[in-house]
Each structure stands twice: as structure tokens, then as C-alpha cells.
């Protein structure tokens, strides 16, 4: 499908949050997907991810996760200074603030005339994988794709050392697809198993996929990118979303 893109502004906690959106051309309604970036915000690979997903028949919205800290439009570089800056911004953002952001974003999608009623999902990478998992705690979220979610197994998100996300995973009513890289130092094998054990104990519907990639193997820029693994994740994600929303 051909798509159209635009930027919208949402006010959250008296802060302006820029949201990059993409949707198929036309007036038809489609499921809405809230897509969360890595710590680097709306980089070129993330914008391409939004566009790619929208082209499969979804209305996709990606917010700037550090809108309270960074100037509107800030894109953080994929280098050591950028990594330190992105992690520092994360440490200055509370779980409550992240929760307020996805609440505003979900409400935006739910009230859009392009989004089918009751069809909301989420997808995210790295810290965005954790945010997507947390977003899935909302009862209206039918499906979530979490790619190498950081902080889930350590119970840390942003400035909060006790995010409590896994401990309340039984509240998830939708379906999860979680993708791990086998050589990911941020989500090591023991951490991956802790997440799997928690989901099984909570009775959450989930699918776990393991890939021979590093952390951020889906980022189509830089040496970590693995196109074969990334294509497989995208295929699984689109298929799961369509299966869930076709019910």
C-alpha cells in the first residue's frame, strides 16, 4: 500500500509531544499501532519502520519519548555520545511519565477517524520494547510486538529501579510476540528466561522467537543489522497483527 505521513502534536503533562504518523492513502479505517523507538528517538531507521508497518495496512504513530527533556524534533545520534545522552534522558523520565505518554497516544489513535474501533496494538524496540510490553497492560491493546525489550528482567525503566512491569503481566489480555537476539548483552539468556517464566506463570498468550543477532539487530543502519532476521520479525509481526485484528 502507498502511505501518507504527518506529524501531530499531543499535550501531555503540560509538555508538547511530537508524534510521527503514517497511514495508507485513502479514507478507509485500519488498526492503529503505537510504535516505540529506541533511546535515540525518531531516527531514520525508526521512521522507516513506521512507514514499513503502515504500508501493510495500519495507522502507525511513533511519539518522541523524551519530549519533557529534549527540544521538539531532537534526534539522538547512533554513537557513544548519543548512547550516553539517550540513557541519561531515560534516567530522567519516570515510569508514571512514560505511562502518561502511552495513554495519550492510545487515546489519540482510538479517536482517530482512520482507526478501526477497538483495534489497537503496539510495537517497540529496546527501551521501546519494554514500553510496548507495558502498554499491553492496557485492556484495549489487543497485540504487542516487543523487540529485545530492555529492563524487563531487571525491573528497571527510566528513573524507576522498581518498574513492576513483569510482576503485573497477568493484566495483559492481548497477545504478545517477543523477539530476542541470542548474543544480546542487554537482555542475556538468563534475563530472557526470566521473562519467559514470568509470562508462563501469568498465563499470558505469547510467542517467543530467538534470533542469532545482537542487540538492535533490526536497526537497518550500522554493523548490527541482520536483514534476514529483521525480515523474519517483520513478517511475524504483520501476521500476528492481522490475525488478531481479523478475529
Any hit, segment 68-91, residues being touching a strand residue (DSSP E or B) at 6+ places or on another chain (Cβ under 6 Å) and either closer than 29 Å to residue 245 by Cβ or modelled with pLDDT under 95 (or both): no
Sort out which residues of segment 154-166 are outside any loop (DSSP other than H, G, I, E, B) and either at pLDDT 95 or above or touching a strand residue (DSSP E or B) at 6+ places or on another chain (Cβ under 6 Å) (or both), and write them in order of number. 157, 166
Filter pass, residue 214 being touching a residue at least 12 places away in the same chain (Cβ under 8 Å), touching a strand residue (DSSP E or B) at 6+ places or on another chain (Cβ under 9 Å) and surrounded by fewer than 20 Cβ atoms within 10 Å (Cβ to Cβ): yes
When restricted to 110, 100, 62, the only residue closer than 19 Å to residue 39 by Cβ, touching a strand residue (DSSP E or B) at 6+ places or on another chain (Cβ under 9 Å) and either modelled with pLDDT under 95 or surrounded by fewer than 17 Cβ atoms within 10 Å (Cβ to Cβ) (or both) is 100
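Here are 174, 124, 128, 191: which of them is modelled with pLDDT of 95 or more and more than 25 Å from residue 59 (Cα to Cα)?
Answer to the selection: 191.
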If you take the residues of segment 207-226 that are out of contact with any helix residue (DSSP H, G or I) (no Cβ under 7 Å at 6 or more places or on another chain) and outside any loop (DSSP other than H, G, I, E, B), which of them is nearest to residue 189 (Cα to Cα)? 210
Quick count over segment 3-44, residues being part of a loop (DSSP other than H, G, I, E, B) and farther than 21 Å from residue 220 by Cα, is 7
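Within segment 139-153, track down each residue that is buried (at least 19 other Cβ atoms within 10 Å of the Cβ) and over 16 Å from residue 195 (Cα atoms).
141, 142, 143 - these are the residues of segment 139-153 that are buried (at least 19 other Cβ atoms within 10 Å of the Cβ) and over 16 Å from residue 195 (Cα atoms).
The values are calculated or read from the model by the stated rules, or taken from the named source; none is laboratory data. Please read all numbers here as calculations on a predicted model, not as lab measurements. Positions of Cβ are backbone-derived with ideal geometry, glycine not excepted, and every protein chain shown enters the neighbour counts.
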